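The values are calculated or read from the model by the stated rules, or taken from the named source; none is laboratory data. Every value quoted in this text rests on a predicted model; they were computed, and no experiment measured them. Cβ placement follows ideal geometry from the backbone for every residue including glycine, while neighbour counts extend to all protein chains displayed. What goes into the accessible areas is simple: the full protein's heavy atoms, side chains included, and nothing from ligands, DNA or RNA. Shrake-Rupley method; radii C 1.70, N 1.55, O 1.52, S 1.80 Å.
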Amino acid sequence: MLMHQKEPAEPDIVARALAKNRLGVPSVVFFGVAGAAPLTVIIGAISTIYAIIGSTAVPIAYVAVAGILSLFTVGFVAMSRHIVNSGAFYSYISHGLGRVIGVGAAFVALPAYSLMQIGLFGLFGSAASGILAEFGLVTPWYVCAIAAWLVVTVLGMLWVDLSGKVLAVLLVAEISIVLLYDVVMVANPAGGHVDFTPFNPAPLLTPVVGSLLVLAVAGFVGFEATVVLSEETKDPKKTIGRATHWAVLLAGALCAVSAWAMAVSTGPSNIAGTAAEHQTDLVFFLVGKHLPAPLVNMGYLLFLTSVFAALLAFHAAVARYQFALGREGVLPAVFGRTHPRTGAPLAGSITQSVLAILVLSAYAVSGLEPVRYVFAWLTTIGGLGVLILMWATSAAVIGFFARGRRTENAWRAYIAPFLSFLLLSIVLTATVIGFGELLQVDGDSPFQWLIPVLYLGVALLGFIWALIMRAARPEVYAQIGRGADGRTSILSDIQWPTKQLHGDPVGARGYPY
């Protein structure tokens, strides 16, 4: 009897595979919404937008951004039904725009998600230090941040469904307190009547719309983490689509309604002044007059757990990006291996943890204020990178389906992706032009232009590395973006039989680049 012999070059699929069938729709939604961190956005970002912009149109801005990202999600999810790869944006861009641009996108994704996660440690440390101070325990912010870092490091190397269960508990409590606070604020309106003018779309036609949309988009960053988990879900072609849509809609609804409830409680004409006075304590100030102290204190605690949930979600995302790149040879092979028992991407998780502790240590030694220079700066810089990836992915969806709609209709394959690309182009342009304002630096500061230029620089490095791989290691270059199965022969889209187009996702297939 002839026995099939494994070729030496054939990868060990056990050592190079993430845990399968671990996550259902609810768990993936929790990861996506945790990344968006609605309570963190509501307490921190929305009050800041009111104070800085001084516009009453914040609620309608969140509705508009939710609409833009819903359009983006249509094509994004349609592509996820054909490509199952933990590399997410990197993989999609590789399939839609080519391997060279895909590797450039990967080089943008790694610092973007890493900075988003590390920046959140600054907010966590500051908030935890403040809470402990209320109990008479004077604790430096970086000690609290390192405590959170330790827990995230351990969870990052365990079963992904364990992290999903932790996020589930935290998010259910978080969303419950948000809804309670919203009901209290709307039930106690300024002047005795509920005002719906903050939902008037007219301010979106004024010059302030650019800043509003840019700041609102930042509140959604993290929802796309759903696709990073595609290889670990049950029935990814259905699970990821449903979870991603729910993550966008849930985050958008919570932010829009909460922003409106704040304006109702103070009166639309007073919201900017009240926000400027109370800043991140705005919500607690508004509900504190109508709720017992324990419920207000619970809000402070859940604000802390909201930040922790986002830390965990972003850690999972960046570790899986590194895993996807290691598995396909873009990064060293060690990144493409997983823990034999938990299926966690071990090297990626450890690398992100080491990088985080080094950055936190540097900030601790420097003595810089954590909320502005760790949280605000790093998450804003990371958010720009994620926005660049969304913009490029919307173009990649168009390129992917231009070679054949497969089983998708014209709306999902062409119309929605084109509209999202157009709208995201406007938002990205406004972000780059006003980036100095987002960082709150002086007009002559080099940071106004330095960060976008650095992202362009790392993308160029990615392009160069891809070209080097194509020349020196063509067999490895051929695997870029192809997912878990690097052994399937390369077929162009034109060569694919019709039967295959209705079968397995093309994350395991080749494509003509």
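A few remarks follow.
- Number of residues in segment 83-104 that are open to solvent by 10 Å² or more (accessible area, probe 1.4 Å) and not in a loop (DSSP other than H, G, I, E, B): the value is 3.
- Among the conditions (1) open to solvent by less than 10 Å² (accessible area, probe 1.4 Å); (2) part of a helix (DSSP H, G or I); (3) out of contact with any Leu (no Cβ under 9 Å at 6 or more places or on another chain), the only one that LEU132 does not satisfy is (1).
- Some residue of segment 198-209 being surrounded by fewer than 18 Cβ atoms within 10 Å (Cβ to Cβ), part of a loop (DSSP other than H, G, I, E, B) and either under 17 Å from the mean Cα position of the chain (by Cα) or at pLDDT 80 or above (or both): yes
- For segment 232-255, a residue qualifies if it is hydroxyl-bearing (Ser, Thr, Tyr), assigned to a helix (DSSP H, G or I) and modelled with pLDDT under 75, and exactly one does: THR239.
- Within segment 334-354, if we keep just the residues that are of a type in the set (A, V, I, L, M, F, W, C) and either more than 19 Å from ALA106 (Cβ to Cβ) or out of contact with any helix residue (DSSP H, G or I) (no Cβ under 6 Å at 6 or more places or on another chain) (or both), the residue that is surrounded by the fewest Cβ atoms within 10 Å (Cβ to Cβ) turns out to be VAL354.
- Residue in segment 376-384 that is among the aliphatic types (A, V, I, L, M), touching a Leu at 6+ places or on another chain (Cβ under 7 Å), part of a helix (DSSP H, G or I) and surrounded by 17 or more Cβ atoms within 10 Å (Cβ to Cβ) present: yes
- Counting the residues of segment 400-440 that are in contact with a Pro (Cβ under 9 Å, 6 or more places away or on another chain) and open to solvent by 20 Å² or more (accessible area, probe 1.4 Å) gives 2.
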